Structures are given as structure tokens and as C-alpha cells.
Amino acid sequence: MKRQLVLEDGTVFVGEGFGSEEDTIGEVVFNTGMTGYQEILSDPSYCGQIVTLTYPLIGNYGINRDDFESINPAIHGFIVKEVCEHPSNFRNQFTLNDYFKAKNIPGLAGIDTRKLTRIIRQHGALKGAFCGLDANVDEVVAKLKGHRLPTDQVKTVSTKSAYPSPGRGHRVVLVDYGMKHGILRELNNRDCDVIVVPYNVTAEEVLSLSPDGIMLSNGPGDPKDVPEALEMINGVLGKVPLFGICLGHQLFALANGADTEKLKFGHRGSNHPVKDLATGKVAITSQNHGYTVNEESLKTTELEVTHIALNDGTVEGVRHKEFLAFTVQYHPEASPGPEDANGLFNEFLQMIETNKKAGEKVCQNA
């Protein structure tokens, strides 16, 4: 079935629809990963967006039960050059087309994804709409120009109530701003006793759970749309070791007086080089974000830059100068992507150990 993508600048792409036939509107972005489409389409950080994959053949290893990063995808659409109708993999259970039909997600194949990517790189992320060929393009463009992108994505994808993921190790309260399952998996692999809590949890509620550490998850949208998080972060800072990822990194920076700003077309892919300023080592990282921490704004805070992106020099990590707290813009849990930065989870747990030993020493000297 022929369908079209209409961009707010009037550009039209005609291709073959797959999955759901529902009309949809979203922010059109691109991801440069060569593999990992199942993790990408199920990443809650893409809530409300139409995702373009630059790698040409998608769906060739199907959909399996193990590689999801959330139970229900929050993307508004998927764009590929070619969608595979006959995947081949021993774990394959569904085709991409069948899965998208089941989840009511529209897809578009057969368009020039290179041209679309160049448009986004030149003009920045644009609003776009999936619609049938009978739609009036001028009316769709007018609708897109008047359409306001949602600001409640975090509320949409966050858990509605707290729940445990038990372990016998350190207790970590994981604040869900749109958490990828990979983060929870890494904590579980280290036998952490994890309690996942909603985005609007208060500092008092977090501390009442007696955590050894607090983790701020990834998530979608503009960090300035989540003011509830800032008060909570300030309320726990200095009391418990803290580790933030992606949106959690941006929220941590805002809570400490820094500023954030929107990138032209964001960082979305599995091959972004990041330099550790302390060691000089470079890690190849998985990233998915449209906003960044303004480096100049950090100069008036108690935060220092620990990592930078080698592609454009943007801030990729910060650490508090006084308290046991650090955050990174990229994804150390990968899913998809390389696991070069996976050791940051161990660094977080070592920070918890250090804090516990310091507390025991104080008690002994009292």
C-alpha cells in the first residue's frame, strides 16, 4: 500500500507502507546504527518521534522475545529503505511488519533515506506526518506547522507505581524517566536490590526506601519539561551516591544550576566516540538524545566536565566536585551498541562501597 511522509517544510516522500495504516505525526529523527533495530524501536527515549534508520536493510533477523528495551514501544513511526519480509535467524519469532501491525505502529519503506537524512542534518529535526496518497499535502503542511510536539513524554513512558527487582546486594533506587531495560539488567547482573520508582517521586519517598545508591534513567524529550525531578535531585544530593544516564544526566545538570539546549539533529547511533578527560581514553558509545548540557553554564556550578564527544565537542559527562555523584550523556548499558563504557556501573557500585565504609568509620569513631 502506497503511503507518504510529509515534512513541515513541504517535502514529500512516497513509499510502501507496512505495519499499521494509522496516520501519525511526530518529530522525524535519524539513527545511524547498522544493527539493533529492535532495541531502537522499543527504546522509550523515542517517545513521540518518527525514527529513520540510515542503514538500508532492516528486519533481516526478525523480532525476538529477548531484545526489547520496553514492553510497549512509544515511537510514532519507523522509516527504512528496505524492510525484510523473510527474516532468517534462529531467535526470530515475528517479521517487523507483523510486529508493527500488532502494536499499531506505522512504517514506511522504499523512500530515499539518504536524502531524508541530509535534510534533517541541514535543517534540524523536523515535524512530519504519515498519511495516505489521497491526503492534501498543503493541508498536512499547515497542520504540521501548527502542531505542538508533546511535552509530557516522560509522564507517558514512566512507570505509574514503584516496583521491586530483588537482589541481595546494594539497594539502588532507579528513577524511571523512560528507563531502558538494559539499565535494570546491568544492575541485576551485579545482584543489586533495585526498586524502580516513577518520574515524579519525591526526595522524601526515595530516602524512605533506604537506598545505598540512586540512579537517574534515560528518557525522552526536553529535560526542562520535567521540573519535578529537579527538586527531588536536590533533596537527595550529598546524602546518597548518585549516577545518571542520558536524560538523567541533563536533569542532574539542571538541578545543579547548569543549562541545557537542543542540538540541531541530536546524537542517535551506536558509534559515537567519547573521550574520558581524566584518562585520555576513548570509548565508542551508544547514544540517543536531542538535547545537551551547555558547557559554558557549568562554570558557575559545582560540576566539572569528565567526558566530551569527539565529533562535536559537546559535554558527555559531569561529576560533582564535592558529593559522590556523576552522570554521562551516553548509554553504558548499550542495547544496542558497543559495551566499552559498561564499567561505569562498577564505578557506581564502588562509589557506594566507599560511601558505606566512610559511614562505618564515622560510626566507629563516634
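What is the extension gain from Lys299 to Gln93, computed as 0.36 nm multiplied by their sequence separation minus the C-alpha to C-alpha distance, in nm to one decimal?
Full-extension gain reported as 69.0 nm.
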Tabulate in residue order the Karplus-calculated ³J(HN,Hα) for the range 278-288, using 6.51 cos²θ - 1.76 cosθ + 1.60 with θ = phi - 60°, rounded to whole Hz; enter x for Gly and Pro.
6, 9, x, 6, 10, 10, 8, 10, 8, 9, 7
Taking a cut-off of 26 Å between Cα atoms, list the lysines near Lys264, but don't count ones fewer than 8 places away on the same chain.
Lys81, Lys115, Lys127, Lys143, Lys145, Lys155, Lys180, Lys224, Lys275, Lys299
I need the peptides 262-274, 167-179 ranked by packing, meaning the mean over residues of other C-beta atoms within 10 angstrom, with the highest value on top.
167-179, 262-274
Applied in sequence order to the range 94-111, the curve 6.51 cos²θ - 1.76 cosθ + 1.60 (Karplus, θ = phi - 60°) yields integer Hz couplings, x standing for Gly and Pro, of 9, 7, 4, 4, 5, 5, 5, 5, 5, 9, 6, 10, x, x, 9, 10, x, 8
Against the longest principal axis of the chain, how steep is helix 113-123, in degrees 0 to 90 to the nearest 10, with axes from Cα atoms?
60
For the range 79-84, just list the computed ³J(HN,Hα) in residue order, Karplus coefficients 6.51, -1.76 and 1.60, θ = phi - 60°, integers in Hz, with x standing in for Gly and Pro.
10, 9, 6, 9, 9, 7
In the Gaussian network model of the chain, springs joining C-alpha atoms below 10 Å, which of Gly290, Gly128, Gly238 carries the largest mean-square fluctuation?
Gly238
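Can you give the relative contact order of the range 187-278 as a percent, counting alpha carbon pairs under 8 Å and 6+ residues apart?
On the way: 76 pairs, mean separation 26.1, N = 92.
Contact order relative to length: 28 percent.
Note down the net charge around Gly343, summing +1 for each Lys or Arg and -1 for each Asp or Glu among other residues with Cβ under 12 Å from its Cβ. Each step should come with its number before you reach the end.
Numbers: positive: Arg190, Lys281; negative: Glu186, Asp276, Glu333, Glu339, Asp340, Glu347.
So the surrounding residues net to -4.
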On C-alpha positions alone, give me the angle between the axis of helix 227-236 and the longest principal axis of the chain, in degrees, nearest 10.
20
Can you pull the one-decimal nm distance between simple spin-label points at Glu21 and Asp112, each 7 Å off the Cα toward Cβ?
2.9
Mind ranking 70-83, 10-23 by how tightly packed they are, going by the mean number of other C-beta atoms within 10 angstrom, highest first?
70-83, 10-23
At 7 Å along Cα-to-Cβ for each site, give me the label-to-label distance between Val137 and His86 in nm.
3.6
Taking H placed 1.01 Å from N in the peptide plane, check which residues at least 5 places from Phe18 or on another chain put their amide H under 5 Å from its amide H.
Gly107, Leu108, Ala109
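Expected output is a single nm value to one decimal: the length gained when fully extending between Asn346 and Leu230, i.e. 0.36 nm times separation in residues minus the C-alpha distance. What is it? Intermediate values should be presented prior to the final figure.
Values: separation 116, 0.36 × 116 = 41.76 nm, distance 2.56 nm.
Extending this stretch completely gives an extra 39.2 nm.
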Suppose each label sits 7 Å from its Cα in the direction of the beta carbon; what would the Ala278-Glu205 distance come out to in nanometres?
3.3
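Every number here is computed from the coordinates shown, using simple stated rules; none is lab data. Bear in mind that the values here come from a model prediction, so they are computed numbers and not experimental data. Neighbour counts run over all protein chains shown; Cβ positions are idealised from the backbone, glycine included.
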